[in-house]
Amino acid sequence: MKDLFKTLTLAAAIGISATANAITVGFAQVGSESGWRTSFSESVKAEAEKRGITLKFSDAQQKQENQIKAVRSFIAQRVDAILIAPVVETGWQPVLMEAKRARIPVVILDRNVSVTDHSLYLTRIAPDFEVEGQRAASWLTEKTQGKCNILELQGTVGSSAALGRMKGFNETIAKFPETKIVRSQTAEFTRAKGKEVLETMLKAEGGGKNICAIWAHNDEMALGAIQAIKEAGLKPGKDILIVSVDAVDDALKAIVAGEINVSVELSPHLGGPAFDVINEYRGGKKEFDKWIRMGGAVYTADNAAAELTKRGVK
Ligand code: GZL
């Protein structure tokens, strides 16, 4: 009887300590505008499940006001930590100050925030958007010997992904006087807008015969561009080259089919590193590097098929 009592007490103690360690994390996600974003959300949810973390997830449909509302709600619910994937860079300081006053740690994921006080978040876990733009431009300038008229499909205006990719790409092509972006417009990182905007651009360019390449800030817009190029009677990936970012499965399939030429990868698996930071913080670590960089490969016809096999994608 005594042993049974001891066992029950131990089990209860383990149960309490496990509950005491079980945390609740709020995640203010941008939306579900792209395949990459969906993979990112699914990865964070799966990682939380694996770690026994209760995740409160908010999809802001790409609206900052919805994200800010979600963060305020997480604060009111006294969550143990908050993850934010900011849709645009500006407008975050007030709500981050509210989280700090509530003593709730914040981790920024993916895109960046523009704040004057960087103590308002523990760290940012993200790729280097400028490097992504440089890598796309380097491939294109080499492929075209530095002679190319480009149509650019920009991501969300004011997002650090669009700003960084544009900066990196433009700085790289600046070295090639006969490579220029002849039209540039946002297509909001979506496939539908990518098709719609490119149709308009091709019409404005007399059908696109003078266009050498499309620079799309993400694969969704590149996949929309493929449809527009085909409807204009041209061959995507051949008559008009396409360089892009994200390396989602559909883009790798398009590379294998010869319809996209390059996609620069960024990992959607940001949840694990984020939860590690939160654990370290709760264990007493207070200072973190302000940017934990996530890398990725460059996929072309040389390696896209092998990557699809590695991912177990048919
Ligand atoms: C980049 C991320 C971008 C992706 C798009 O890290 O913010 O947002 O490239 C997504 O697919 O919409």
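Just name the residue that is nearest to R111 (Cα to Cα) out of those in the range 265-291 that are of a type outside the set (A, V, I, L, M) and in contact with a Gly (Cβ under 8 Å, 6 or more places away or on another chain).
In this case the residue turns out to be S267.
Please go through the range 259-269 and give me each residue that is out of contact with any Pro (no Cβ under 7 Å at 6 or more places or on another chain), open to solvent by less than 20 Å² (accessible area, probe 1.4 Å) and either in a loop (DSSP other than H, G, I, E, B) or not aliphatic (A, V, I, L, M) (or both), ordered by number.
I260, S263, listed by residue number.
Out of V277, V262, V248, report the one residue that is in contact with a Phe, Trp or Tyr (Cβ under 8 Å, 6 or more places away or on another chain) and in the same structural domain as D110 (by TED's automatic domain parsing).
V277
Can you say whether Q29 is within 16 Å of the ligand (Cβ to nearest atom) and modelled with pLDDT of 95 or more, as far as the supplied structure shows?
yes
Hey, among the residues in the range 180-225 that are within 15 Å of V262 (Cβ to Cβ) and away from the ligand (no atom under 16 Å from the Cβ), which one's nearest to the chain's Cα centre (by Cα)?
A213
With G164, G158 as the choices, which residue is assigned to a loop (DSSP other than H, G, I, E, B), within 13 Å of the ligand (Cβ to nearest atom) and not acidic (D, E)?
G158
Only one of K209, K253 is out of contact with any helix residue (DSSP H, G or I) (no Cβ under 8 Å at 6 or more places or on another chain) and either open to solvent by 50 Å² or more (accessible area, probe 1.4 Å) or assigned to a loop (DSSP other than H, G, I, E, B) (or both). Can you tell me which?
Exactly one residue qualifies, and that residue is K209.
Pairs, please: C-beta under 6 Å, at least 6 apart or cross-chain, first residue touching a residue at least 60 places away in the same chain (Cβ under 8 Å) and in the range 81-102, second open to solvent by 10 Å² or more (accessible area, probe 1.4 Å) and part of a loop (DSSP other than H, G, I, E, B)?
If the second residue must be open to solvent by 10 Å² or more (accessible area, probe 1.4 Å) and part of a loop (DSSP other than H, G, I, E, B), the pairs left are A81/P105; V87/Q62; V88/G158; E89/N112; E89/S114; T90/S114.
Could you please give the count of residues in the range 44-73 that are away from the ligand (no atom under 16 Å from the Cβ) and more than 15 Å from I108 (Cα to Cα)?
Residues flagged as away from the ligand (no atom under 16 Å from the Cβ) and more than 15 Å from I108 (Cα to Cα) within the range 44-73 amount to 16.
Pairs needed: first member in the range 154-171, more than 13 Å from V245 (Cβ to Cβ) and in the same structural domain as L223 (by TED's automatic domain parsing); second member anywhere, open to solvent by less than 40 Å² (accessible area, probe 1.4 Å) and in a strand (DSSP E or B); C-beta distance under 7 Å; at least 6 residues apart or different chains.
Between residues of the range 154-171 that are more than 13 Å from V245 (Cβ to Cβ) and in the same structural domain as L223 (by TED's automatic domain parsing) and residues that are open to solvent by less than 40 Å² (accessible area, probe 1.4 Å) and in a strand (DSSP E or B), the close pairs are T156/T186; V157/T186.
Which residues, counting only those in the range 270-286, are part of a loop (DSSP other than H, G, I, E, B) and modelled with pLDDT of 95 or more?
The answer is L270, G283, G284, K285.
Could you please find all residues in the range 82-120 being in a loop (DSSP other than H, G, I, E, B), within 12 Å of the ligand (Cβ to nearest atom) and either of a type in the set (A, V, I, L, M, F, W, C) or surrounded by 22 or more Cβ atoms within 10 Å (Cβ to Cβ) (or both)?
Within the range 82-120, A85, P86, V87, V88, D110, R111 qualify.
Take the residues in the range 167-194 that are assigned to a helix (DSSP H, G or I) and open to solvent by 30 Å² or more (accessible area, probe 1.4 Å), then tell me which one is nearest to E205 (Cα to Cα).
Among those residues, the one meeting the criterion is K193.
Residue by residue through the range 121-155, note down the ones that are more than 12 Å from the ligand (Cβ to nearest atom), under 17 Å from A222 (Cβ atoms) and among the aliphatic types (A, V, I, L, M).
A137, L140, I150, L151
What are the residues in the range 196-223 that are small (G, A, S) and either closer than 21 Å to A137 by Cβ or without any contact (Cβ under 8 Å) to a residue 12 or more places away in the chain (or both), if any?
G206, G208, A213, A216, A222
Tell me which of these V243 doesn't satisfy, since it passes every other one: (1) outside any helix (DSSP H, G or I); (2) in contact with an Asp or Glu (Cβ under 9 Å, 6 or more places away or on another chain).
Result: V243 fails condition (2) only.
Any chance the range 227-244 includes a residue that's within 12 Å of the ligand (Cβ to nearest atom) and either surrounded by fewer than 24 Cβ atoms within 10 Å (Cβ to Cβ) or under 23 Å from C148 (Cα atoms) (or both)?
Yes, because at least one residue in the range 227-244 is within 12 Å of the ligand (Cβ to nearest atom) and either surrounded by fewer than 24 Cβ atoms within 10 Å (Cβ to Cβ) or under 23 Å from C148 (Cα atoms) (or both).
The values are calculated or read from the model by the stated rules, or taken from the named source; none is laboratory data. Computed from a predicted structure; not experimentally measured. Using ideal geometry, Cβ is built from the backbone for each residue, glycine included, and neighbour counts are taken over all protein chains shown. In case anyone asks, the SASA skips ligands and DNA or RNA and just uses the protein heavy atoms, side chains included. Shrake-Rupley method; radii C 1.70, N 1.55, O 1.52, S 1.80 Å.
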